[in-house]
Amino acid sequence: MSPSSSPPTYAGTESSLSDAAVVSQDASEVDALPTQDADERGEFEPPSAIGSEPPSGGGFITAIVFAVVMLAMFINPIEFKTSAEFDRATSNLNVLTLAKLALAAAASGLGAIAVFVSPRTRQLLGSLPGLGLLTLGALFCATSLFAIESNAMISRASAMIFVGYLLFTAMALATLGPRKMLAAIVAGTSLYMLLTWGLFLLVPEMGTFEEYISATETVQRMGGTGHPNNIAKTAIAIVLVGVAMYLGRTDSLISVGLRGPWQRLILIGIMVLAAATVVATLSRTAMLAGAAAGGILLIDRLYGRGGLALGIFGIASAASLVLAISLFTGKGPFSESAVSAVTKSGDVEELTSLTGRTTIWEEAIGFIVERPLTGYGMDSAASVMSREATGTHNLLLHVTFSAGVIACLVMILMLGWSLVFGATSPHEWIRTVLTYVLVSGLVEDTIIESFPTTLTVLWMAALLAPTLAGRSQP
């Protein structure tokens with residue numbers, strides 16, 4: 001399609017909101033552009049800016065979608081916490097919850113409209129990953145009818161919100177394209193992290209999370225706007241996405257790489273902020289999962305002498321750390337003194353039990369056996385399980401506890417798709433997001449919250465985005 005061709009029309013049910021400017025492009029022509037040529041031209045134009053100008057109203061709709069994505073990523077993760085006791089709280093109708101509900105209504109409304117008027121949104125949802133996500137959402141809604149009475153309303157609302165955000169994610173991808181959508185996600189999450197740091201530094205009584213590591217000992221972690229582990233998973237996702245945008249490809253419709261000097265400078269600042277946030281939360285789970293996802297992100301750059309040097313440096317660093325611990329403690333690397341240097345409590349059982357997760361998994365399985373087909377409803381674990389658990393701390397157990405074994409089987413298929421296709425995608429941001437979900441999901445709930453946050457929306461987007469380029473798989 002030449003630049004001089006007439007702009008697409010938006011009349012009738014076969015029109016789209018602003019994604020007609022995306023779908024009208026020849027994806028094969030864009031994908032055929034060599035990376036070098038794209039780099040020489042500078043930043044690759046996002047799909048909505050290629051070719052002819054969008055018709056009147058397209059820019060307004062794009063701005064609305066961008067704003068809803070950004071606000072959702074800023075507001076949805078906020079859950080004021082200062083200690084583990086706050087994990088027992090349910091969603092009361094306060095100002096914050098009303099704001100989240102308003103955003104969910106806006107996102108769901110936009111997504112529902114797009115299903116009727118946007119061919120590209122329907123194409124994304126009709127892909128194999130899209131059908132899997134829709135099936136998962138349908139199971140959440142169906143099983144919520146059998147949720148425990150004390151949590152029934154919250155479970156049903158959470159299920160409908162999940163479906164609404166799924167439709168909206170597909171619509172946002174079709175309207176904005178992956179690069180602009182990720183920019184909105186990064187911008188909104190950066191505001192969330194700035195708020196978290198503001199509470200942590202300026203109002204420490206609100207911004208610090210006090211965690212008991214024994215009957216009498218506590219450790220101070222960054223909190224305030226959420227549990228430290230949730231803050232960390234959000235921050236590490238931004239670190240990974242930031243690296244992918246900084247180093248990523250620019251040669252296709254689903255590439256997210258940035259080449260503008262000011263854009264890259266701002267991105268570096270955001271990545272530094274996010275990395276500092278992860279450190280302040282003391283979340284080892286996020287750090288380890290992030291390291292694994294980072295390795296997959298950079299895997300295609302690890303060939304040759306540079307990759308060999310990096311591998312040797314990593315091994316040497318790990319060996320140096322073990323040696324330093326031994327020299328500092330004067331004992332072996334697995335002695336009690338050495339263990340205290342890498343644990344919160346200094347107890348080796350903290351490592352062997354994965355910080356008590358093995359006990360929590362046993363408890364969760366016991367509850368699941370009692371309601372294997374329907375589960376207990378979304379957002380019910382904190383109400384059903386013991387005070388020490390507060391959640392299942394495993395993604396598959398989380399889905400099974402919420403919606404039963406059939407939903408678990410669907411999630412296994414989705415994670416299998418993520419492993420087989422996502423981890424081998426040529427696009428760095430898709431590889432790193434899906435890998436992070438796979439690794440973090442082993443020891444955390446990770447995704448599928450009452451109000452979808454950064455990593456859940458990124459996961460949906462990473463599964464759906466390859467269809468934009470007309471591929472049947474990533």
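The values are calculated or read from the model by the stated rules, or taken from the named source; none is laboratory data. Just so it is clear, the model here is predicted, and its values are computed rather than measured. Neighbour counts are summed over all protein chains in view; Cβ atoms, including those assigned to glycine, are modelled from backbone coordinates with ideal geometry. For the accessible areas, the whole protein counts, side chains as well, though only heavy atoms, and no ligand, DNA or RNA atoms are used. Shrake-Rupley method; radii C 1.70, N 1.55, O 1.52, S 1.80 Å.
Could you tell me whether region 437-458 includes any residue that is closer than 30 Å to E362 by Cα, part of a helix (DSSP H, G or I) and either at pLDDT below 85 or open to solvent by 10 Å² or more (accessible area, probe 1.4 Å) (or both)? Yes, some residue in region 437-458 is closer than 30 Å to E362 by Cα, part of a helix (DSSP H, G or I) and either at pLDDT below 85 or open to solvent by 10 Å² or more (accessible area, probe 1.4 Å) (or both). Output yes when any residue across region 266-289 is farther than 17 Å from T196 by Cβ and touching a Lys or Arg at 6+ places or on another chain (Cβ under 7 Å), and no when none is. For region 266-289, residues farther than 17 Å from T196 by Cβ and touching a Lys or Arg at 6+ places or on another chain (Cβ under 7 Å): absent.
Residues of region 379-410 that are assigned to a helix (DSSP H, G or I) and among the β-branched types (V, I, T): V384, V399, T400, V405, I406, V410.
S214 satisfies every condition listed in (1) modelled with pLDDT of 85 or more; (2) assigned to a loop (DSSP other than H, G, I, E, B) except (1).
V410: in contact with a His (Cβ under 9 Å, 6 or more places away or on another chain) and either within 28 Å of T374 (Cβ to Cβ) or among the hydroxyl-bearing types (S, T, Y) (or both), yes or no? So V410 does not fit the description; no. I254 satisfies every condition listed in (1) more than 22 Å from T446 (Cβ to Cβ); (2) open to solvent by 10 Å² or more (accessible area, probe 1.4 Å); (3) modelled with pLDDT of 85 or more except (2).
Within region 113-132, being touching a Phe, Trp or Tyr at 6+ places or on another chain (Cβ under 9 Å) and touching a residue at least 12 places away in the same chain (Cβ under 8 Å) holds for A114, V117, L128, P129, G132. Among residues of region 111-137 being buried (at least 18 other Cβ atoms within 10 Å of the Cβ) and among the hydrophobic types (A, V, I, L, M, F, W, C), the one that is farthest from A461 (Cα to Cα) is V117. Inspect region 192-203 for any residue being outside any strand (DSSP E or B), modelled with pLDDT under 85, open to solvent by 20 Å² or more (accessible area, probe 1.4 Å) and farther than 24 Å from L124 by Cα and give the result as yes or no. Scanning region 192-203 turns up no residue that is outside any strand (DSSP E or B), modelled with pLDDT under 85, open to solvent by 20 Å² or more (accessible area, probe 1.4 Å) and farther than 24 Å from L124 by Cα.
Kindly indicate whether T97 is surrounded by fewer than 23 Cβ atoms within 10 Å (Cβ to Cβ), under 25 Å from L373 (Cβ atoms), hydroxyl-bearing (S, T, Y) and out of contact with any strand residue (DSSP E or B) (no Cβ under 9 Å at 6 or more places or on another chain). When the stated conditions are applied, T97 does not pass them. Checked against the criterion of being modelled with pLDDT of 95 or more and of a type in the set (G, A, S), the candidates A170, A152, A147, A174 yield just one match: A170.
So how many residues does region 418-429 have that are without any contact (Cβ under 8 Å) to a residue 60 or more places away in the chain and not in a loop (DSSP other than H, G, I, E, B)? Before you say what the answer is, go through the steps one by one.
As a first pass, look at region 418-429 and keep what is without any contact (Cβ under 8 Å) to a residue 60 or more places away in the chain: 418-422, 424-425.
Add one more test, that the residue is not in a loop (DSSP other than H, G, I, E, B), and what stays is 418-420, 422, 424.
So the answer is 5.
Here V279 fulfils each of the conditions (1) modelled with pLDDT of 85 or more; (2) touching a helix residue (DSSP H, G or I) at 6+ places or on another chain (Cβ under 6 Å) apart from (2).
Are any of the residues in region 169-182 among the hydrophobic types (A, V, I, L, M, F, W, C), in contact (Cβ under 8 Å) with a residue 12 or more places away in the chain and touching a strand residue (DSSP E or B) at 6+ places or on another chain (Cβ under 8 Å)? Looking for residues that are among the hydrophobic types (A, V, I, L, M, F, W, C), in contact (Cβ under 8 Å) with a residue 12 or more places away in the chain and touching a strand residue (DSSP E or B) at 6+ places or on another chain (Cβ under 8 Å), one finds none in region 169-182, hence no.
May I ask you to list the residues in region 347-378 that are in a loop (DSSP other than H, G, I, E, B), open to solvent by 20 Å² or more (accessible area, probe 1.4 Å) and at pLDDT 85 or above?
Hits for region 347-378 are R371, P372, L373, T374.
Of all residues assigned to region 263-277, none qualifies as being touching a Pro at 6+ places or on another chain (Cβ under 6 Å), in contact (Cβ under 8 Å) with a residue 24 or more places away in the chain and either closer than 16 Å to L182 by Cβ or open to solvent by 30 Å² or more (accessible area, probe 1.4 Å) (or both).
Here is a yes/no grid of residues against (1) within 18 Å of V437 (Cβ to Cβ); (2) in a helix (DSSP H, G or I); (3) of a type outside the set (A, V, I, L, M):
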{"site": "M206", "(1), (2), (3)": "no, yes, no"}
{"site": "Q220", "(1), (2), (3)": "no, no, yes"}
{"site": "I231", "(1), (2), (3)": "yes, yes, no"}
{"site": "L240", "(1), (2), (3)": "yes, yes, no"}
{"site": "M245", "(1), (2), (3)": "no, yes, no"}
{"site": "D251", "(1), (2), (3)": "no, no, yes"}
